[in-house]
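Below is one structure, written out as structure tokens, with a few remarks after it.
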Amino acid sequence: TAREDGAVVLTGHCYDLESGSPFAPWAELLRNTPVEEGLLPLSAGAHDAGLMEIAGSKDALATQITAFLAALSAKHPVALVLEDMHWSDQASLDLLRTVVRRVPAWRVLIIATFRDNELTLDQPLHRVLPQLVREGRPLRLDLRALAAHDILGLVAARYQLPAEDEARLVTHLLRYAEGNPFYLEELLRTLEHEQI
């Protein structure tokens, strides 16, 4: 929807801390950034090479990224989506803190996702999260499990079942998916595939 409304949507993912590289989500979102005339370009090759090799230092990289986002957001609204930040490295989080402090001056929305049930005391996000909250004043949306009446509504909208079968399906979904929307969809897909 944001793209249809003229926004530039940039997405970067974090991967398991043991397999990730510094600035991985930022490198990914920059690789997918459209190159436009009139924009302050990032250093040559930023779309393909490691960010630190190009910038030379964390401060230089932060300066380049913030200048780029400022220029891009002057032309288009920008949505930055940073996925699975519970696996983020410290360098990526430091860069996020720098960007977050400047966002109020730009047309930029940052969406950062993380699984708080997978956040441990030794992960960088655990240490940085209070600073991000203080500096960025984010709106935090905690996703909760779907309640029984929500699952019933989903089943009723999706299938035309007799009341007894509908209740049995909802009970089955509650028992095995425990309200998790992803598991719920996967379980329904499996039941449909197996024609149960």
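Quick one: divide the alpha-carbon radius of gyration of region 54-100 by 2.2 N^0.38 Å and tell me what you get.
Relative to the 2.2 N^0.38 Å estimate, region 54-100 comes out at 1.22.
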Under a plain spin-label model, where a point goes 7 Å from the Cα along Cα-to-Cβ, how far apart in nm are Lys58 and Ile111? 2.9 nm
Sites Gln90 and Glu186 - FRET efficiency at Förster radius 30 Å, r taken between beta-carbons, to 0.05: 0.35
With a bin width of 5 angstrom, please list the P(r) values of the chain as percents of all Cα-Cα pairs, from the 0 bin to the one holding the largest distance. 1, 7, 13, 16, 14, 11, 10, 9, 8, 6, 4, 1, 0, 0
Over its Cα atoms, what ratio of radius of gyration to 2.2 N^0.38 Å does region 91-142 give? 1.15
Per residue of region 68-85, in order, report the coupling 6.51 cos²θ - 1.76 cosθ + 1.60 (Karplus, θ = phi - 60°) as ³J(HN,Hα) in whole Hz, putting x for Gly and Pro. 5, 5, 4, 5, 5, 6, 6, 9, 9, x, 10, 10, 9, 10, 10, 9, 6, 5
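Please find the FRET efficiency linking Ala71 to Arg168, where r is the Cβ-Cβ separation and R0 is fixed at 45 Å, and quote it to the nearest 0.05.
On the way: r = 58 Å, r/R0 = 1.28.
Plugging the Cβ-Cβ distance into 1/(1 + (r/R0)^6) gives 0.20.
How big is the dipole moment of the chain about its Cα centre under a simple scheme where the beta carbon of each Lys and Arg is +1, that of each Asp and Glu is -1, and everything else is neutral? Debye, nearest 20, please. Kindly include the intermediate steps, with their values, before the conclusion.
Numbers: 18 positive and 28 negative charges, 185 e Å.
Rounded to the nearest 20 debye, it is 880 debye.
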Taking H placed 1.01 Å from N in the peptide plane, check which residues at least 5 places from Val8 or on another chain put their amide H under 5 Å from its amide H. Val78, Ala79
Length gain on complete extension for the stretch Arg158 to Arg3, per 0.36 nm per residue less the alpha carbon to alpha carbon distance? 53.0 nm
Apply the Karplus parameterisation 6.51 cos²θ - 1.76 cosθ + 1.60, with θ equal to phi minus 60°, to every residue of region 168-185 and state each ³J(HN,Hα) to the nearest whole Hz, in sequence, with x for glycine and proline. 5, 5, 4, 4, 4, 5, 4, 5, 9, 9, 6, x, 6, x, 5, 5, 4, 5
Residue by residue, what Karplus-based ³J(HN,Hα) values in Hz, rounded to whole numbers, does region 156-166 have, using 6.51, -1.76 and 1.60 with θ = phi - 60° and x for Gly and Pro? 5, 6, 8, 10, 9, 10, x, 3, 5, 5, 4
Of the heavy-atom accessible surface of the chain (probe 1.4 angstrom), what whole percent is carbon and sulfur? 54 percent
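The values are calculated or read from the model by the stated rules, or taken from the named source; none is laboratory data. Because the structure is predicted, anything quoted here is derived from the model rather than measured. Ideal geometry is used to build each Cβ from the backbone, glycine not excepted, and the neighbour counts take in all protein chains shown. For accessibility, only protein heavy atoms count, side chains too; no ligands or nucleic acids. Shrake-Rupley method; radii C 1.70, N 1.55, O 1.52, S 1.80 Å.
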